[in-house]
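*Asks:* Quick one: structure below, then a few questions.
The values are calculated or read from the model by the stated rules, or taken from the named source; none is laboratory data. Every value quoted in this text rests on a predicted model; they were computed, and no experiment measured them. Positions of Cβ are generated from backbone atoms using ideal geometry, with glycine treated the same way; all protein chains shown enter the neighbour counts. Heavy atoms of the whole protein, side chains included, go into the accessibility calculation; ligands, DNA and RNA do not. Shrake-Rupley method; radii C 1.70, N 1.55, O 1.52, S 1.80 Å.
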Amino acid sequence: MRLLFVINPVSGGKKKADHDTLIRNFFNERTETIEICRFDGPASAQELKKTIRHWHPDRVVAVGGDGTVKAVAEQLLHTRIPMGIIPAGSANGMAAELDIPTGFEQAMTVILEGKVQVIDAIRINQQEICIHLGDLGLNALLVKNFEQGGTRGKLGYALSSFKTLWQRQSLKVQIRNAQVSLSRVAFMIVLANARRYGTGVSINPDGNLSDGLFEVVIIRRLSLWELLKMIRQFKPFDPRKTEVIQADQVTIMTRRKAHFQVDGEYLGKVNAVKAEIMAKALHVLTPA
C-alpha cells in the first residue's frame with residue numbers, strides 16, 4: 001500500500017506533536033510505502049496535485065485541522081482515492097463528524113483498516129469547495145478574529161469569542177431556490193454538509209454527508225450562551241431560534257457584505273453566495 005501524508009506544520013497549538021517523526025517511526029518496520037509532504041500555503045496545492053498525479057498513492061492522509069482537510073479534499077474530488085485524517089488542528093470538525101479518534105495510533109488504525117465512505121461536497125460560487133460547514137455572519141467573524149489573534153487552540157477560540165460578541169451584527173438576507181424564496185433577519189446563515197462544529201456543537205442534527213442534499217441553517221437569535229457553545233460542547237442550538245431548509249442548490253443575498261468562512265478558512269466579506277451539491281464527490285476513511 002502506498003500512503004501519502006500531507007502535514008500542515010502550523011496546525012494546532014504550541015504543544016503540537018512532531019507528526020513527521022511519529023509517522024516515520026510508526027512505519028519503520030512495516031511493509032507499506034510512505035511519502036510525506038508539507039502543506040503550508042497556496043503554492044503547496046500545486047505541488048500536492050503533482051505528487052498525487054505522479055506518485056499514484058492508494059490513500060492520502062491529511063495531518064492537520066479543517067483547513068488542511070479541505071485542501072487535501074480539493075485534490076481528491078472524483079478521484080476515488082480515499083482520504084484519511086489525523087486530527088492535528090485547532091479545529092477538527094470533519095474528523096469529529098467522521099468519528100476519527102484524536103489519538104495518533106487510533107487514527108492510524110482507521111487509515112490502515114477503516115472502511116471507505118463516499119460523501120457529498122458543496123460547490124460555492126463556482127470556485128470554493130465545502131465538505132464540512134460554511135457560514136455567513138457571526139461564526140465567520142469568529143474565524144477571522146481567531147486567525148488574527150495569534151493564540152492557537154481552544155484558548156484562542158475563547159479569547160476571540162468575546163471580541164466577536166461585541167462586534168456582532170444582524171444580517172438582512174434573501175434565500176432563494178426553486179422551492180423557496182425567503183427574507184430573514186439573522187445573525188448566522190450556515191451551509192451545512194455535516195452535523196456539528198469541531199467543538200461538538202450540533203448545528204444541523206439531521207444532516208447526512210451522503211444524501212445528495214445540504215441544509216441551510218438560519219440562526220435568527222444568538223446570545224452569549226449560544227456563542228460560547230461554539231467553543232465548548234453543551235446542548236445543541238435552541239431550535240426555537242433556528243430555521244432549517246434542505247436543498248441541493250441555493251442562492252443567498254445579503255443587504256450589506258457579510259463575513260464568510262468555509263471549513264474554517266476565512267474568505268472575506270461577500271454579499272452573494274451560490275451553493276450547489278456535488279453528490280458522491282469524495283471517498284473518506286472512517287472507523288470500521
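*Asks:* Being open to solvent by 40 Å² or more (accessible area, probe 1.4 Å), of a type in the set (Asp, Glu) and modelled with pLDDT under 95 is true for just one of Glu276, Glu265. Which residue is that?
*Replies:* Among Glu276, Glu265, only Glu265 is open to solvent by 40 Å² or more (accessible area, probe 1.4 Å), of a type in the set (Asp, Glu) and modelled with pLDDT under 95.
*Asks:* Can you pull out every residue in the stretch 49-58 that is touching a strand residue (DSSP E or B) at 6+ places or on another chain (Cβ under 7 Å) and assigned to a helix (DSSP H, G or I)?
*Replies:* Across the stretch 49-58, the qualifying residues are Thr51, Ile52, Trp55.
*Asks:* In the list Ser170, Ser181, which residue meets the criterion of being among the hydroxyl-bearing types (Ser, Thr, Tyr), at pLDDT 80 or above, touching a strand residue (DSSP E or B) at 6+ places or on another chain (Cβ under 7 Å) and more than 13 Å from Gly264 (Cβ to Cβ)?
*Replies:* Ser170 is the lone residue from the list that is among the hydroxyl-bearing types (Ser, Thr, Tyr), at pLDDT 80 or above, touching a strand residue (DSSP E or B) at 6+ places or on another chain (Cβ under 7 Å) and more than 13 Å from Gly264 (Cβ to Cβ).
*Asks:* Shifting gears a bit: Check the stretch 199-214 and report whether any residue there is crowded, with 18+ Cβ neighbours inside 10 Å, touching a strand residue (DSSP E or B) at 6+ places or on another chain (Cβ under 8 Å) and farther than 24 Å from Ala258 by Cα.
*Replies:* Yes, the stretch 199-214 has at least one match.
*Asks:* Just to be sure, is Ala140 out of contact with any helix residue (DSSP H, G or I) (no Cβ under 9 Å at 6 or more places or on another chain), within 21 Å of Val10 (Cβ to Cβ) and either part of a helix (DSSP H, G or I) or without any contact (Cβ under 8 Å) to a residue 60 or more places away in the chain (or both)?
*Replies:* Judged against the criteria, Ala140 is a match.
*Asks:* Hey, another quick one. Being open to solvent by 100 Å² or more (accessible area, probe 1.4 Å) and part of a helix (DSSP H, G or I) is the filter here, so list the residues in the stretch 30-48 that pass it.
*Replies:* Of everything in the stretch 30-48, those that are open to solvent by 100 Å² or more (accessible area, probe 1.4 Å) and part of a helix (DSSP H, G or I) turn out to be Pro42, Gln46, Glu47.
*Asks:* (1) open to solvent by 30 Å² or more (accessible area, probe 1.4 Å); (2) in contact (Cβ under 8 Å) with a residue 12 or more places away in the chain; (3) assigned to a helix (DSSP H, G or I): which one isn't true of Thr68, the others all being true?
*Replies:* (1)
*Asks:* Can you find a residue that is outside any loop (DSSP other than H, G, I, E, B) and open to solvent by 70 Å² or more (accessible area, probe 1.4 Å) anywhere in the stretch 76-99?
*Replies:* Within the stretch 76-99 (the criterion being outside any loop (DSSP other than H, G, I, E, B) and open to solvent by 70 Å² or more (accessible area, probe 1.4 Å)), the answer is no, since none of the residues qualifies.
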